[in-house]
Structures are given as structure tokens and as C-alpha cells.
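Novice: Let me begin by handing over the structure; questions about it come next.
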Amino acid sequence: MKHGKKYVDSLKTIDKTKLYDVNEAVALASTNAKAKFDETIEVHIRLGVDSRHADQQVRGAVILPHGTGKTIRALVFCKEDKYEAAKAAGADYVGGIEYVDKIMKENWFDFDVVIASPDMMGVVGRLGKVLGPKGLMPNPKSGTVSPDVARAVSEAKAGKIEYRLDKTNIIHCPIGKASFGEAKLAENFETLLKAIVKAKPAAAKGQYLKSVVVASTMGVGVKVNTAKYGV
């Protein structure tokens, strides 16, 4: 794969054999974000688990102290008595079966998170095949199925992100924008890593954090030293 000049120049600033401390890693990742837009800084975490086994799944959600820098559009499925509370919390779309039809018939996806009250999951369940592959299906573990939809909306808007293993046992998560600066990115990173370490399955054996890499959308990956987490 042929890389552009900016990517090649960025490679020269990084020692690929070195494990950097968190602050140094996020600083390098954001400094090397040279695109014409404010690049997202992402963390890629390879875990020593086997996602094929139910007792080794790692999934949850965490509120980043400084958010992700992205404006989140929330779709809420709830009964009419909760419409106003959801809207007051900042929900962009609130309703029921009409939004199921809109998604199914119009292929409509102008939202970033789907939140549902438990009594609406029978309706939302019809969307499993279209929301599931996009990682948008409401789930109690990520706090997107909740009787308190207003609170769930507030948390989503405040920078709550979901983390989950992919088929290669890697978690990919955004921790902010390059413009955030080293301190905010490092704090968001620490919050995410601590949550993932806390979520370590009892069935996981051996080294849990196999590798952690920080990179901007278009930039070079920077390896992070995870020794201090002890897993």
C-alpha cells in the first residue's frame, strides 16, 4: 500500500519499536494529524481473550470526561408519556413504530445512537438485522436500553461511548479530536482503558492487554506502554 508524503513524514517522528507513555503517545498522534479536517484520535486495543466464547466477551460503555468532539444525534423509542422528557434531554428524534417503518422503508440512518425503553424492545427488535451490523442496536450493557430514557440521552450527548470486541479480539474506540490537546486526550484514554481493564472476564487467561495503539484518522499508529495497568 502506497502512503502519502504526510504519512511518510509522520513515520519518521515515531520509533516503531518503542512503547510510549500515554501522554507522549496521544501528543504524537495529534501532532501527526495533518489532514485538512480535525481528525479523530482513536484507540485500538488487542485483548488476550477469545471472542468466540460467551464467557470471554468484553462489552460495555463509559462516559469520556471530555466527550468525543462529535455531535451525537439520538433516536429514542419510548411510550408517549416519556416523549417530552426525552426531548428535553436533547433527543433529536422520539417516537415508536413510525421510526421503525422509516428505517425499514426509507433506509434512514440520520442518527448516531438508538435508545429504547424496555417496553419498546418488542418493536425495536424488528430492526435487529439492520441496526445490529452497524452496532446501533440498543443493549442494556451499553445503557441504551433503559427505563430512564432522558438520562440515557443525556449520557450519550455528554460523550458516552460503547466498547466491544470485534471478531479479531480488538476494541476500536474514539477518544476525541486532534484539537483537544494532550491533557484532554490522555484523560479520555485513561478513563477508557480503566473501564476495559475493569471489564476483564474471569475466564480470560494470560496477558489481557496484548497491545494498545493510538492513531489519528489518517495518521500513523503509536504503541502505548500498558505496564502500569498490570494486566
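The values are calculated or read from the model by the stated rules, or taken from the named source; none is laboratory data. All figures in this text were calculated on a predicted structure; none of them were measured in a lab. Backbone-built Cβ (ideal geometry, glycine too); neighbour counts: all protein chains shown. These area figures cover heavy atoms from the full protein model, side chains too; ligands, DNA and RNA do not enter into them. Shrake-Rupley method; radii C 1.70, N 1.55, O 1.52, S 1.80 Å.
Novice: Please work out which residue is most open to solvent (accessible area, probe 1.4 Å), limiting yourself to the range 194-231 and to residues that are hydroxyl-bearing (S, T, Y) and out of contact with any Gly (no Cβ under 8 Å at 6 or more places or on another chain).
Specialist: Only one residue tops the list, namely T217.
Novice: State yes or no: is P147 open to solvent by 50 Å² or more (accessible area, probe 1.4 Å), closer than 28 Å to I45 by Cβ and of a type outside the set (S, T, Y)?
Specialist: no
Novice: What pairs can you find where one residue is in the range 90-105 and farther than 15 Å from A116 by Cβ and open to solvent by 20 Å² or more (accessible area, probe 1.4 Å), the other is assigned to a helix (DSSP H, G or I) and charged (D, E, K, R), and their Cβ atoms are less than 7 Å apart, with a gap of 6+ or different chains?
Specialist: Listed by first residue and then by second, the contacts come to G90/K157.
Novice: Select from the range 106-120 the residues that are under 14 Å from L75 (Cα atoms) and either open to solvent by less than 30 Å² (accessible area, probe 1.4 Å) or modelled with pLDDT of 95 or more (or both) and list them in ascending order.
Specialist: Hits for the range 106-120 are W108, F109, D110, F111, V113, V114, I115, A116, S117, M120.
Novice: Confirm whether S179 is assigned to a helix (DSSP H, G or I), of a type in the set (S, T, Y) and more than 28 Å from T31 (Cα to Cα).
Specialist: No.
Novice: Can you run down the residue pairs with Cβ atoms below 9 Å, 6 or more apart or on separate chains, where the first is in the range 53-66 and basic (K, R) and the partner is assigned to a loop (DSSP other than H, G, I, E, B)?
Specialist: Every condition considered, the pairs that remain are R59/N139; R59/L165; R59/A199.
Novice: Could you tell me whether R164 is open to solvent by 50 Å² or more (accessible area, probe 1.4 Å) and within 13 Å of the chain's Cα centre (by Cα)?
Specialist: yes
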